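The values are calculated or read from the model by the stated rules, or taken from the named source; none is laboratory data. Quick caveat: nothing in here was measured; it's all calculated off a predicted structure. Cβ atoms come from the backbone with ideal geometry, glycine included; neighbour counts cover every protein chain shown. The accessibility values were calculated without ligands, DNA or RNA, using every heavy atom of the protein model including side chains. Shrake-Rupley method; radii C 1.70, N 1.55, O 1.52, S 1.80 Å.
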Amino acid sequence: MSKIKKLLLDETKYKITVPIIAILLSFLIGTIVMLLTGINPLGAFKALARTMTGINFDKLFTDKMFNARYVGEFLTTALPITLTGLSVAFAFRTGLFNIGAEGQLLVGAMAATVTSIMLDLPAIIHLPIVILSAALAGALWGFVPGILKAKYNVHEVVVTIMMNYTALHMTNYLLKKLPGSSLIKTVKSNPSGTLQSDFIASITNNSRLHWGIIVVGLSILVFWYIIEKTSFGFELRSVGFNPDASKYAGMKVTRNVMFSMMIAGAFAGLAGAMLSIGTFDYGRILVGFENYGFDGIAVALLGGNVAIGVLLSGLLFGGLKSAQPLMQANGVPLEIAKIISSLIVLFVAMKYGFEMWLRTYAKKQEEEGK
Amino acid sequence: MDYVIEMLNITKDFPGIRANDDVTLQVKKGEIHALLGENGAGKSTLMSILFGLYKPNKGQIKVNGKEVNIDNPHVANDLGIGMVHQHFKLVENFTVTENIILGDEPKKSFGRVDIEKARKRVKETSEKYGLSVDPDSKIEDISVGMQQRVEISKMLYRDAEILIFDEPTAVLTPQEIDDLMNIMRTFAKEGKSIILITHKLKEIKAVADTCTVLRRGKMIGSVNVADVTEKDLAEMMVGREVFFQVDKPERKQGKKIVEIKKLNVKDNRGLMAVNNLSLDIHAGEILGLAGIDGNGQTELIEALSGLRKIDSGSIALNDEDISNRSIRKITEAGVGHIPQDRHKYGLVLDFRLDENLVLQTYYKEPNSVRGILKHDEITKKAQQIIDEFDVRSGQGAMTVARSMSGGNQQKAIIGREIDRSPDFLIAAQPTRGLDVGAIEYIHSRLVAEREKERAILMISLELDEILNISDRIAVIYEGEIVGILDPKKTDEKEIGLMMSGSKRVGVANE
């Protein structure tokens, strides 16, 4: 039996093989769609490769071969959705479905802008306060559905959807009230309270990449540490798998539900800071949702709700998202990138189907082998 | 001799294991044929082959003398083979009739379901065999015993002539078991053939004509039930001598550990389930609580372990009032609890075995230090319990609990609860659904705990078990203790009367 076959049939590796199958299938179908509609699929793949590596495969071995700006922009796009991915994944480990990452992100973004603009402190104190306030605002937004679920058993999906709208309109209103705000944005962040960095810009050919990359890195570590290494994480996982047995074992199920929603909210709040004091460096008054929260659901789903998985899938979805303009330049409609992203979500959602299929295949191999 | 079903020299291999090794099963028309074996002996595999779920590697199947190839359950259905599974396959919010006709609905014009016609047929069969199912009740409103009859009606509706019952009595009360036995006898009289999968010897003696015994995939033999004793059957099944009677040294009652005073507890619907119940449990004794399922046992256990609020009254452990404390405080005070439903409460099935073995102690030193898990310590603890209680699994401490056998899951829970060394151990149906070997082992562990001066409350629906290992027997009826008996001076009949509320002993009549 070949090595690949062996890997495919190993039931303990389904967690890894199934998402990879989903990704490969999605790209395959995306390619077929392009071929059928008379588009050169190479254009799409080159665009994606250039976005994620910065290498221009049309101009190999010339001085135009590498442009660090692409990598910077790609990472900039991946940062917030990795964080909303962590948010959704964290809640999911406790058996909760956090649809509210969008709203938690918005209040986090606003809190960061407000503390950045209104306070005037040395950067060493100011920036941590700004970042912390974003996390706290997100946590507060997660606390509401958390406590409603814990105390009155109100379903978190309903509450978080409502809280998304509340967040959108409330933040818009408050941001407009800030001194100097126009109808579409606030003034720029205070230089002592921003994630933007001339240094990072200088090494990435003036991309918008910012210090948020460190925040995301730390967040992933924190996520992994809480879930895998602490007794609190043990409780959260236990409650997520079996609330009855957790209660029997003396865990405070309702309290855990509340904490879990708050921590999930904090991750999404940080995602907000990535935008308002990072990518854009000003608070934006939005017409509607930007779907960072929903992207987070996709990221968490593909990442299997584990820290490293969320990081990898955040990068992939970030790449697909930021490759869209370049695809268009290569004559590929940006919808192709969206089709591929959607197919990934679809196929990952079908993971039980794949697992069943792999199992039947394994059984057949077994019988033929006899 | 004519056989309805012949499974000849069946061999079935799974990766790494031979589940059936040259097994032959021959069932005569109109007989009740028991298939006996421990968990994992290959009974279910054999029946799955007959039902078309697995293909055998070797061997042939004959139905009514003709060789057949059963490659899916539809073929089995067409051959008149029906099966009542251990876990019912019913739609909770459908009516009895709707469940019975599901997949085989009688049609009127325009594809409408002819529910009237179906109702009538369901009613007819129910009356013919004395099943007394109400065709219009919803499944969620009827008892487990009644649900099983719905499953039986499903087979009858499809004109099954060969009925397979997979561990049918595991979920039933003693009364329901008697009724089921009568129903099976009626079927046999009508000329239907029955295969009864079980590991309960008493039932085989009571109802079966022939018994085929499997052990580790091999056929040990086929015997005429009238010619053998329960002990013979048990030895065929286990492969060694079996002791039904637990070896239990005499001992005096120790000091009072648990004192329950005038306890009142409500059930989920808000009705009083435990009524003014008072009970003492002493060090070094096993107090058996006998009763028909649903007479307040569940609520009593839940109140004792903190899962349910107490309405009034008190529970004291070592003279300390623990009523309405949090579950964790009660656990820490020294109460161990082997829950009735090990999948719902006892284990987190998606956790590894080691994680399950520290489910109540993960936060305490040395398992955790300042909120950080110490995986090495946890694995060490788990390994100790695994060794001590002989918990067998594929990858030791790293095995996912879901993939373990029921007996080993139960051993893991019992090991965990005993290892915490509680003063007071609640064992709720500790041997439910387990085979003779595991039951023997668990009983001996409970007796060993008694030797260590612990107070043990054992709740069981099996009277044999209660009579066998209890030092005192308390009988519960409608949430009240209707009598406390000495197992040496009573018998099944007396307890049975008390369980049904027609007799009281040593307690005041109101």
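Rounded to the nearest 0.05, what FRET efficiency do B:L271 and B:D491 have when you use their Cβ-Cβ distance and R0 = 45 Å?
Computed FRET efficiency for B:L271 and B:D491 comes out at 0.90.
For B:Q253 and B:V113 in the same chain, what is the full-extension length gain: residue separation times 0.36 nm, less their Cα-Cα distance, in nm?
Working it through step by step, the gained length comes to 43.9 nm.
Using the Kirkwood radius over C-alpha pairs as Rh, can you work out the diffusion coefficient of chain B via Stokes-Einstein at 4 °C, viscosity 1.567 mPa s, in µm² per second?
Rounded to a whole number, D works out at 52 µm²/s.
List, in the order given, every pair from A:K151/B:K364; A:K13/B:K55; A:K149/A:K252; B:K89/B:K154; A:K15/A:K351; A:K151/B:K262 whose Cα-Cα distance in the structure shown is over 21 Å.
A:K151/B:K364; A:K13/B:K55; A:K151/B:K262
Out of all DSSP beta bridges in the stretch B:3-238, what portion is antiparallel? Express it as a percent rounded to 5.
Counting only bridges with both partners in the stretch B:3-238, antiparallel ones make up about 55 percent.
Can you work out the Karplus-derived ³J(HN,Hα) for every residue in the stretch B:268-279? Use 6.51 cos²θ - 1.76 cosθ + 1.60 with θ = phi - 60°, whole Hz, and x for glycine or proline.
After applying 6.51 cos²θ - 1.76 cosθ + 1.60, I find 4, 8, x, 8, 5, 9, 10, 10, 6, 8, 10, 7 Hz.
Just tell me which lysines come within less than 25 Å, Cα to Cα, of B:K252; anything on the same chain fewer than 8 places away is out.
The reachable lysines, counting only those whose Cα sits under 25 Å from B:K252, are B:K261, B:K452, B:K488, B:K489.
Only Lys, Arg, Asp and Glu count, each charged at its Cβ (+1, +1, -1, -1), so figure out the dipole size of chain A about its Cα centre, rounded to 20 debye.
Its charge dipole is roughly 300 debye.
Take peptides A:265-272, A:209-216, A:299-306 and line them up by average Cβ neighbours within 10 Å, highest first, as a rough protection proxy.
Descending packing order for the listed peptides: A:265-272, A:299-306, A:209-216.
Report, as an integer, the average count of C-beta atoms from other chains found within 10 Å of each Cβ along A:231-240.
5
Taking all protein chains together and a probe of 1.4 Å, list B:D13, B:D293 from the most accessible to the least accessible.
These residues rank, largest area first, as B:D293, B:D13.
When only the heavy atoms of the protein chains count and the probe is 1.4 Å, how do A:T166, B:T298, A:T113 rank by accessible area, highest first?
A:T166, B:T298, A:T113
Charges only on Cβ, +1 for Lys and Arg, -1 for Asp and Glu: so what's the dipole of chain B about the Cα centre, in debye to the nearest 20?
680
Between B:D376 and A:L36, what's the calculated FRET efficiency when r is the beta-carbon distance and R0 is 45 Å? Round to 0.05.
0.20
Report the relative contact order of chain A, percent, no decimals, based on alpha-carbon pairs under 8 angstrom and at least 6 residues apart.
Over chain A, the number comes to 32 percent.
Any idea what log10 I(q)/I(0) is at q = 0.07, 0.09, 0.10, 0.11 Å⁻¹ for the protein assembly as shown, Debye with uniform C-alpha scatterers and no solvent?
Once normalised to I(0) and log-transformed, intensities are -0.73, -1.09, -1.23, -1.34.
Please compute the length gained on full extension between A:L28 and A:K338, using 0.36 nm multiplied by the number of residues separating them and subtracting their Cα-Cα distance.
Full extension of this stretch gives 110.2 nm more.
Would you look at the GNM of chain A, springs on alpha carbons closer than 10 Å, and say which of A:K13, A:K149, A:K338 moves the most?
A:K13
Efficiency by 1/(1 + (r/R0)^6): what FRET value for B:K128 and B:S312, r their Cβ-Cβ distance, R0 = 51 Å, to the nearest 0.05?
0.55
Using a 7 Å offset from the Cα along the Cα-to-Cβ direction at both B:H74 and A:F66, what is the distance between the two label points in nm, to one decimal?
6.2
Give me the dipole magnitude in Debye, nearest 20, for the stretch B:3-238 about the Cα centre, with unit charges on the beta carbon: positive for Lys and Arg, negative for Asp and Glu.
With only Lys, Arg, Asp and Glu charged at Cβ, the dipole is about 480 debye.
Calculate for chain B the 222 nm mean residue ellipticity that helices alone would give, adding -39,500 (n - 2.57) per DSSP H run of length 4 or more and normalising by residue count, nearest 500 deg cm²/dmol.
My calculation for chain B gives -9500 deg cm²/dmol from helical runs alone.
Report ³J(HN,Hα) in whole Hz for each residue of the stretch A:73-84, in order, from the Karplus equation J = 6.51 cos²θ - 1.76 cosθ + 1.60 where θ = phi - 60°; Gly and Pro get x.
My calculation for the stretch A:73-84 gives 5, 4, 5, 4, 5, 6, 4, x, 6, 5, 5, 5 Hz in order.
With the crude spin-label approximation of a point 7 Å out along Cα→Cβ, what separation in nm comes out for A:I4 versus B:S405?
4.0
When only C-alpha pairs under 8 Å and at least 6 residues apart count, what is the relative contact order of chain B, in percent?
Averaging sequence separation for qualifying contacts and normalising by length gives 14 percent for chain B.
Residues of the stretch B:408-440 with amide nitrogen under 11 Å from the 7 Å Cα-to-Cβ point of B:V246?
It comes to B:427, B:430-431, B:439-440, nothing else.
If the label point is 7 Å along Cα→Cβ of B:S500, which residues in the stretch B:109-137 have backbone nitrogen under 19 Å from it?
In the stretch B:109-137, the label zone of B:S500 (backbone N under 19 Å from the point 7 Å along Cα→Cβ) covers B:131-132.
Binning at 5 Å from 0, report for the stretch B:3-238 what percent of all alpha-carbon pair distances ends up in each bin.
1, 6, 14, 18, 19, 16, 12, 8, 4, 1, 0, 0, 0
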